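The values are calculated or read from the model by the stated rules, or taken from the named source; none is laboratory data. Owing to the predicted nature of the structure, the values given are computational and were not obtained by experimental measurement. Heads up, the Cβs are rebuilt from the backbone with ideal geometry, glycines too, and the neighbour counts pull from every protein chain shown.
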Amino acid sequence: MLALWWWHLRLRNAGVVDVGWAAGLALVSLLYAVFAPGDPRRRWLSAALVAIWSARLVAYLLRDRVLGRPEDPRYQHLRQSGSIAAAASFFAFFQAQAMLVVVLSTPMLIASANPAPAWSALEIGAALLWAAALAGETMADRQLERFKARRPRPESTCRDGLWRYSRHPNYFFEWLVWVAYALYALGSPGGLVALSAPAIVLYLLFRVTGIPATEAQALRTRGDDYRRYQQATSVFVPWPPRRAS
């Protein structure tokens, strides 16, 4: 994260912190797979799930928000606000993300330390949930990309596919990925601690850098069209749209 902070000073784009967060989780999970004392199959499956998730997210973020792109408006607004997070050119913010990687990798550490020689039904179910959640997140991202490519007006809001049923389907399926990681670790000794990871992710999505910042930016740029979208559409869990008042 320190290296990425230096890079961000040259790019003038704090969006690289999201890339580092996703890549860091893959790196830490790989270290657990190599050095943890648990069953090798369980360790390497855990690392593989995180690596696949990370590779998809890193590629998406680099393409959509970093390389050749202006800084995400959320970070622009944070930089201009003079907040503590933006002080010293985001240095503390980057280091906080490094600490978050350590905390959120708890499910992978717990699973990788489990010596049981066979996968449980809970672990298999968690892997299936992970696959479904990753497919949903990928679909939501692609639907949004296609909409942006043909957006009829700058102030128009995506209502295609999953975005008709949730204002943040990408965040919802991202959270389900973390639920899957926690379930994968739940059958291991100390597995209850892993439930903290999806709880922390949910808190961050609803109270910190996820939904509040995204919706504030949408209201600044799309105004009444987004307000109508808010009236009709579930904020998180995909649900049939309401009739706007």
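Among the residues of region 182-232, what is the count of those that are of a type in the set (Val, Ile, Thr), out of contact with any Pro (no Cβ under 8 Å at 6 or more places or on another chain) and farther than 17 Å from residue 105 by Cβ?
Summing the residues that are of a type in the set (Val, Ile, Thr), out of contact with any Pro (no Cβ under 8 Å at 6 or more places or on another chain) and farther than 17 Å from residue 105 by Cβ in region 182-232 gives 4.
If residue 89 passes every condition in (1) of a type in the set (S, T, N, Q); (2) touching a helix residue (DSSP H, G or I) at 6+ places or on another chain (Cβ under 7 Å); (3) closer than 20 Å to residue 209 by Cα; (4) modelled with pLDDT of 90 or more but one, which one does it miss?
(4)
Which of the following residues is over 27 Å from residue 55 (Cα atoms), of a type in the set (A, V, I, L, M) and surrounded by 14 or more Cβ atoms within 10 Å (Cβ to Cβ): 232, 140, 185?
232
May I ask you to list pairs of residues, at least six apart or on different chains, whose Cβ atoms are under 6 Å apart, with the first in region 96-112 being under 16 Å from residue 51 (Cα atoms) and the second being polar (S, T, N, Q) and crowded, with 16+ Cβ neighbours inside 10 Å?
Hits for this filter: 108/29; 108/46; 111/46; 111/188; 112/46.
Does residue 198 satisfy being over 15 Å from residue 167 (Cα atoms) and modelled with pLDDT of 95 or more?
It is true that residue 198 is over 15 Å from residue 167 (Cα atoms) and modelled with pLDDT of 95 or more.
Spot the failing condition for residue 123; the list is (1) surrounded by fewer than 15 Cβ atoms within 10 Å (Cβ to Cβ); (2) touching a residue at least 40 places away in the same chain (Cβ under 8 Å); (3) acidic (Asp, Glu), and only one is missed.
Among (1) surrounded by fewer than 15 Cβ atoms within 10 Å (Cβ to Cβ); (2) touching a residue at least 40 places away in the same chain (Cβ under 8 Å); (3) acidic (Asp, Glu), the lone unmet condition for residue 123 is (1).
Output yes when any residue across region 76-95 is part of a helix (DSSP H, G or I), under 19 Å from residue 53 (Cα atoms) and hydrophobic (A, V, I, L, M, F, W, C), and no when none is.
Checking region 76-95: not a single residue is part of a helix (DSSP H, G or I), under 19 Å from residue 53 (Cα atoms) and hydrophobic (A, V, I, L, M, F, W, C).
Here are 222, 242, 207: which of them is out of contact with any strand residue (DSSP E or B) (no Cβ under 6 Å at 6 or more places or on another chain), of a type in the set (D, E, K, R) and crowded, with 17+ Cβ neighbours inside 10 Å?
So the residue among 222, 242, 207 that is out of contact with any strand residue (DSSP E or B) (no Cβ under 6 Å at 6 or more places or on another chain), of a type in the set (D, E, K, R) and crowded, with 17+ Cβ neighbours inside 10 Å is 222.
Report every pair of residues separated by at least 6 positions or lying on different chains whose Cβ atoms are under 8 Å apart, first residue within region 133-144 and in contact (Cβ under 8 Å) with a residue 12 or more places away in the chain, second among the β-branched types (Val, Ile, Thr) and surrounded by fewer than 18 Cβ atoms within 10 Å (Cβ to Cβ).
134/52
Can you tell me how many residues in region 201-236 are modelled with pLDDT under 95, over 17 Å from the mean Cα position of the chain (by Cα) and not in a helix (DSSP H, G or I)?
Number satisfying all stated conditions: 0.
If I go through region 156-196 residue by residue, how many of them are farther than 30 Å from residue 38 by Cβ and part of a helix (DSSP H, G or I)?
The number of residues fulfilling the criteria is 8.
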